[in-house]
Amino acid sequence: MSSLQDFVKKQKAGAQFVISAQMLKINPQEFDALAEQWLDDGGPGFNVLGTPHRVVIDGEFLISRVTVIRTTAEL
(Lines give C-alpha, C1' and ligand atoms only; values in the text may rest on other atoms or scores of the structure.)
Protein backbone atom coordinates (compact mmCIF):
# COMPACT_ATOMS: atom_id res chain seq x y z
CA MET A 1 0.00 0.00 0.00
CA SER A 2 3.02 2.26 -0.23
CA SER A 3 1.62 3.88 -3.40
CA LEU A 4 -1.40 5.04 -1.39
CA GLN A 5 0.80 6.44 1.37
CA ASP A 6 3.07 8.17 -1.15
CA PHE A 7 0.06 9.71 -2.89
CA VAL A 8 -1.49 10.91 0.39
CA LYS A 9 1.83 12.38 1.58
CA LYS A 10 1.96 14.59 -1.53
CA GLN A 11 -1.32 16.28 -0.56
CA LYS A 12 -1.44 19.35 1.67
CA ALA A 13 -3.43 19.23 4.92
CA GLY A 14 -7.06 20.05 4.12
CA ALA A 15 -6.77 19.12 0.44
CA GLN A 16 -9.65 17.15 -1.09
CA PHE A 17 -8.81 14.44 -3.59
CA VAL A 18 -10.14 11.19 -5.06
CA ILE A 19 -8.85 7.67 -4.45
CA SER A 20 -10.02 4.92 -6.80
CA ALA A 21 -9.53 1.20 -7.31
CA GLN A 22 -7.95 1.91 -10.69
CA MET A 23 -5.47 4.36 -9.14
CA LEU A 24 -4.34 1.74 -6.61
CA LYS A 25 -4.29 -0.97 -9.29
CA ILE A 26 -6.51 -3.31 -7.28
CA ASN A 27 -9.81 -4.95 -8.18
CA PRO A 28 -13.12 -3.38 -7.12
CA GLN A 29 -13.79 -6.08 -4.52
CA GLU A 30 -10.50 -5.34 -2.71
CA PHE A 31 -11.07 -1.60 -2.95
CA ASP A 32 -14.61 -1.94 -1.59
CA ALA A 33 -13.28 -3.72 1.52
CA LEU A 34 -10.66 -0.99 2.07
CA ALA A 35 -13.13 1.82 1.49
CA GLU A 36 -15.58 0.31 4.00
CA GLN A 37 -12.81 0.43 6.63
CA TRP A 38 -11.98 4.03 5.69
CA LEU A 39 -15.65 5.01 6.05
CA ASP A 40 -15.71 3.61 9.60
CA ASP A 41 -12.26 4.55 10.89
CA GLY A 42 -10.74 7.01 8.42
CA GLY A 43 -7.76 6.18 6.28
CA PRO A 44 -4.04 6.63 6.78
CA GLY A 45 -3.82 10.43 6.83
CA PHE A 46 -7.30 11.17 5.45
CA ASN A 47 -11.03 11.01 6.12
CA VAL A 48 -13.75 10.11 3.62
CA LEU A 49 -16.10 12.91 2.53
CA GLY A 50 -19.61 12.54 1.20
CA THR A 51 -21.05 9.46 -0.44
CA PRO A 52 -18.69 7.00 -2.15
CA HIS A 53 -19.19 6.28 -5.86
CA ARG A 54 -20.44 2.74 -6.42
CA VAL A 55 -20.56 0.44 -9.43
CA VAL A 56 -22.51 -2.76 -10.01
CA ILE A 57 -20.40 -5.87 -10.62
CA ASP A 58 -22.13 -9.24 -10.86
CA GLY A 59 -25.26 -7.75 -9.29
CA GLU A 60 -23.40 -6.35 -6.28
CA PHE A 61 -22.88 -2.66 -5.49
CA LEU A 62 -19.18 -2.01 -4.81
CA ILE A 63 -17.39 1.20 -3.90
CA SER A 64 -15.15 2.17 -6.82
CA ARG A 65 -13.90 5.58 -5.68
CA VAL A 66 -14.08 7.91 -2.71
CA THR A 67 -13.48 11.60 -2.18
CA VAL A 68 -11.29 12.23 0.84
CA ILE A 69 -9.76 15.11 2.75
CA ARG A 70 -6.14 15.10 3.93
CA THR A 71 -5.70 15.32 7.68
CA THR A 72 -2.61 16.13 9.69
CA ALA A 73 -2.53 12.61 11.15
CA GLU A 74 0.66 10.60 10.75
CA LEU A 75 0.71 7.95 8.02
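Spin-label model, D58/Q37: points 7 Å from Cα along the beta carbon direction are separated by 2.1 nm. In the context of the full set of protein chains, the chain has a per residue accessible area of 64 Å² (1.4 Å probe). Give the aspartates and glutamates reachable from K9 as a straight Cα distance under 12 Å; neighbours fewer than 8 places away on the same chain don't count. Output for K9: E74.
Site pair M23 and N47 shows an inter-label distance of 1.9 nm when each label is modelled 7 Å from Cα along Cα→Cβ.
Counting 0.36 nm for each residue step from T72 to Q16 and taking away their Cα separation leaves a gain of 18.9 nm.
The values are calculated or read from the model by the stated rules, or taken from the named source; none is laboratory data. What you are looking at is a predicted structure, and each value in this text was computed from that prediction instead of being measured. Quick reminder, even Gly has a Cβ in these numbers, built from the backbone with ideal geometry, and neighbours come from all protein chains shown. Ligands, DNA and RNA are excluded from the accessible area calculation, which covers all protein heavy atoms including side chains. Shrake-Rupley method; radii C 1.70, N 1.55, O 1.52, S 1.80 Å.
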